[in-house]
Amino acid sequence: MVDQVSASSVLSNAYESLRSVDLSAAAEMLDRALEIDFEDPEVLFALKCVEFWNDRTARLEILPNPFERGEYAVAQWKSFSSFASKLGGDFERARYAFKRFAFSLALAQYRSLPPEEREAHEAELALRIGRCHKGSGDFDEALKQLETAARERRDDAEVLAELADTYALINETRPSKALFREAFYVGPQRIDLELLESELILRLAEKVRADGRSGSEIVEWVPVYGNLLGVFTVKRELKAVEVGKLRQSIYQLENELKENAEERQLLVPRLINRYFWLVDHCIAAKEDRAKIEEILLKIRLLDPAVYKQYTA
C-alpha cells in the first residue's frame, strides 16, 4: 500500500513538471514511479505518452520559426488525442496533464515571437494565445485574449467559436450559446471541432456522426442539429443590412446547389441553417405567415426529415 501511495505521489510530481513544460524531468519521475510499481497502469500509460511527445518535441526544435512551432504543437495535440484514445484506460489526470503540456508548449512558442511580428499579427496571435490559455486551464486570460481577437475580427467564425467554447467552460451558458450560433452561421468550415471542449457542441457533433454523416459535412450539420435539439436557443434580432445579406447568401447558396451537385453534402445543411435564421427573423419581425410557409416549404424540399422535426 505504501508503494502505491509513493507511486501516486511521484506521478503527481511528474504532472507538475509537465505543467512547467519540462518533459525530461517528467520522464525521469515516471521512470522512478515505474521502479516503485512496474504494473501501475497509469504509470505505463503516462510513459507511452512521454514517448509520443519526446518524438514530437524533437521534430519541433527543427522548425525555424516560433509561429510554426506553435502551430505544430497544437496540431500534435490533436494527433495525441487520437493516440491516447487508442491506448484505452480512464486516466483523466494524465490526459489533462499532457493537455496542459501541449498548450503550454505552444504558448511558449507564440510568446517567443519577435515584437515586430507580434504587432503585425496581433489579432491572429491573440486567437492562438487565447486558445493556448484555454487548453492549459487559464480561462480568465483566455477570455482576455480571445475578446481582443474578436474586437478585431468580429466576423471570424474561428475566433467566435473559441470564445464561445471558453464561456462554456466557465459555465456562462447564455453567451456561449449565442456565440456558437453566430460562429456556425458565419463560417462553419473555419471551425475546428477537434479544438473545442464544450459538451454541448461535442454531443451535437457526436449525434451528427451517429446519423451517418462524416468528414467536412459534420461541422455544417452541427448548427442544424443545434436548432432541432433546442441547443441554439439564444438568438438576436438582425439589423436591416444583415437581413439583406442573409437573403443574398440564401440566393447564392440556392444557385450553388443547382450548379454544383457534388457539393450537396455541404450546401444543403448550410442552406437549411440560413433558412432557420430567416424564419427566426420573420417571426421576430411579425411578418406574414405566408412568407414563413414559403421558407418551410424550401426546407421540406431539401430534407423532409429535418422539416418534420423542425415543425413538430
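Look through segment 87-108, keep the residues that are of a type in the set (D, E, K, R) and either in a loop (DSSP other than H, G, I, E, B) or surrounded by 15 or more Cβ atoms within 10 Å (Cβ to Cβ) (or both), and return whichever of them is modelled with the lowest pLDDT. Steps first, answer last, please.
Restricting attention to segment 87-108, the residues satisfying the condition of being of a type in the set (D, E, K, R) are 90, 92-93, 95, 99-100.
Still in the list and also either in a loop (DSSP other than H, G, I, E, B) or surrounded by 15 or more Cβ atoms within 10 Å (Cβ to Cβ) (or both): 90, 95, 99-100.
Details: Asp90: 86, Arg95: 95, Lys99: 97, Arg100: 96.
The selected residue is Asp90.
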> Which of (1) farther than 29 Å from Glu124 by Cα; (2) crowded, with 17+ Cβ neighbours inside 10 Å is the odd one out, the single condition Val74 does not satisfy?
Replying inline: (1)
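Among the residues of segment 27-46, are any within 25 Å of the chain's Cα centre (by Cα), of a type in the set (Phe, Trp, Tyr) and either part of a helix (DSSP H, G or I) or within 20 Å of Glu92 (Cβ to Cβ) (or both)? Break it down into steps so the answer makes sense when it comes.
Filtering segment 27-46 for residues within 25 Å of the chain's Cα centre (by Cα) gives 46.
Those left that are additionally of a type in the set (Phe, Trp, Tyr): none.
The answer is no, given that none of the residues of segment 27-46 is within 25 Å of the chain's Cα centre (by Cα), of a type in the set (Phe, Trp, Tyr) and either part of a helix (DSSP H, G or I) or within 20 Å of Glu92 (Cβ to Cβ) (or both).
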>> Going by what's in this entry, would Ala168 be described as of a type in the set (A, V, I, L, M), at pLDDT 95 or above, touching a helix residue (DSSP H, G or I) at 6+ places or on another chain (Cβ under 7 Å) and within 19 Å of Asp192 (Cα to Cα)?
In response: yes
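State whether the residues of segment 62-79 include one that is part of a helix (DSSP H, G or I) and more than 30 Å from Glu116 (Cα to Cα).
Just the residues of segment 62-79 that are part of a helix (DSSP H, G or I), to begin with: 66-79.
Add one more test, that the residue is more than 30 Å from Glu116 (Cα to Cα), and what stays is 79.
Yes: segment 62-79 contains one or more residues that are part of a helix (DSSP H, G or I) and more than 30 Å from Glu116 (Cα to Cα).
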>> Checking the conditions here, which among Ile170, Ile191 is surrounded by fewer than 16 Cβ atoms within 10 Å (Cβ to Cβ), among the aliphatic types (A, V, I, L, M) and touching a residue at least 12 places away in the same chain (Cβ under 8 Å)?
In response: Ile170
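Going through Leu257, Leu266, Leu253 one at a time, which residue ends up being over 23 Å from the mean Cα position of the chain (by Cα), crowded, with 16+ Cβ neighbours inside 10 Å and under 18 Å from Val186 (Cα atoms)? Steps first, please.
Details: Leu257 fails: under 18 Å from Val186 (Cα atoms); Leu266 fails: over 23 Å from the mean Cα position of the chain (by Cα).
Selected residue: Leu253, the only one of Leu257, Leu266, Leu253 that is over 23 Å from the mean Cα position of the chain (by Cα), crowded, with 16+ Cβ neighbours inside 10 Å and under 18 Å from Val186 (Cα atoms).
The values are calculated or read from the model by the stated rules, or taken from the named source; none is laboratory data. Computed from a predicted model, the values in this text were never measured in an experiment. Please note: Cβ atoms are built from the backbone with ideal geometry, for glycine as well, and neighbour counts cover all protein chains shown.
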